[in-house]
Amino acid sequence: NAGVTQTPKFQVLKTGQSMTLQCAQDMNHNSMYWYRQDPGMGLRLIYYSASEGTTDKGEVPNGYNVSRLNKREFSLRLESAAPSQTSVYFCASPQQGATEAFFGQGTRLTVV
Amino acid sequence: GENVEQHPSTLSVQEGDSAVIKCTYSDSASNYFPWYKQELGKGPQLIIDIRSNVGEKKDQRIAVTLNKTAKHFSLHITETQPEDSAVYFCAAQSGGYQKVTFGTGTKLQVIP
């Protein structure tokens, strides 16, 4: 039982390049979330998916797109990476009833 | 929206001493307050939580207190051990999980 799995763990991009961060959960949860973590700023919600087939913007959605491919998978896409998107990205999946959230190990992204 | 402030940003204690991390929140509708521990290179993991109808909760060496009137809550770790060294995040939630707001984190170092 892996919980929440993110790939890749590390990535370096040049400004303007695109990439997709992958997230999969094996807990049969309905909802999945993408956060970014920056020093001194805690975790900020980028996008979330309350259920398969739905996605909604969070606090900082600009420059990102998401796809809820199926119940297990929720991907985050950067179409044209910018240095301001250098961050650590976490995927999370809350329990039913919206209490404990299970986090992936994170993707450390550097945009140069 | 909700605003969660967390102090201190860094905390060093001697092994065996106690550690206290404090958070304040602004939205009186917040009713669930989880605490997450993030070890180096890993995603956050829930360690304890408290609901607004409870004033205190304990789990072995960890306790959380909540003062709804003053809108603040605290994490207390007693008899600290080196493995307690990590970054700790508080959070406040009102409604669904998309309404979770995280604090900015406290880096705890336990010195052997």
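Bear in mind that the values in this text are calculations on the coordinates, not laboratory data. Only a predicted model underlies this, so the values are computations on that prediction, with no experimental measurement involved. Here the Cβ is made from the backbone with ideal geometry for all residues, glycine too, and neighbour counts use every protein chain on show.
Under 18 Å from a point placed 7 Å out from the Cα of B:LYS107 along the Cα-to-Cβ direction: which residues of the range A:76-111 have their backbone N that close?
Zone members listed by number: A:87-89, A:108-109.
Quick check: pseudo-label points 7 Å beyond the Cα along Cα→Cβ at B:ASN67 and A:PHE10, how many nm apart are they?
Placing both labels 7 Å along Cα→Cβ, they lie 4.5 nm apart.
In nm, to one decimal, how far is the B:GLU39 label point from the A:LYS57 one, both placed 7 Å along Cα→Cβ?
3.8 nm
State, to one decimal in nm, how far the label point of A:ASN65 lies from the label point of B:LEU46, with both points 7 Å from Cα in the Cβ direction.
The answer from the label model is 3.3 nm.
Test of understanding: extend the Cα→C-beta vector of A:ARG108 to 7 Å, then name every residue of the range A:53-70 with backbone N under 16 Å from that spot.
No residues fall inside that zone.
Which pairs break 29 Å Cα to Cα here: B:LYS37/B:LYS99; A:LYS9/B:LYS99; A:LYS9/B:LYS37; A:LYS9/B:LYS57; A:LYS71/B:LYS58; A:LYS71/B:LYS71?
A:LYS9/B:LYS57; A:LYS71/B:LYS58; A:LYS71/B:LYS71
Name the long-range amide H neighbours of A:GLN17: under 5 Å, sequence gap of 5 or more, or other chain; modelled H, no Pro or chain starts.
Close amide H contacts, sequence-distant or interchain: A:ALA81.
How are the Cα pair distances of chain B distributed, in percent, across 5 Å bins from 0?
The distribution over chain B is 2, 13, 25, 25, 19, 10, 5, 1, 0, given as percents.
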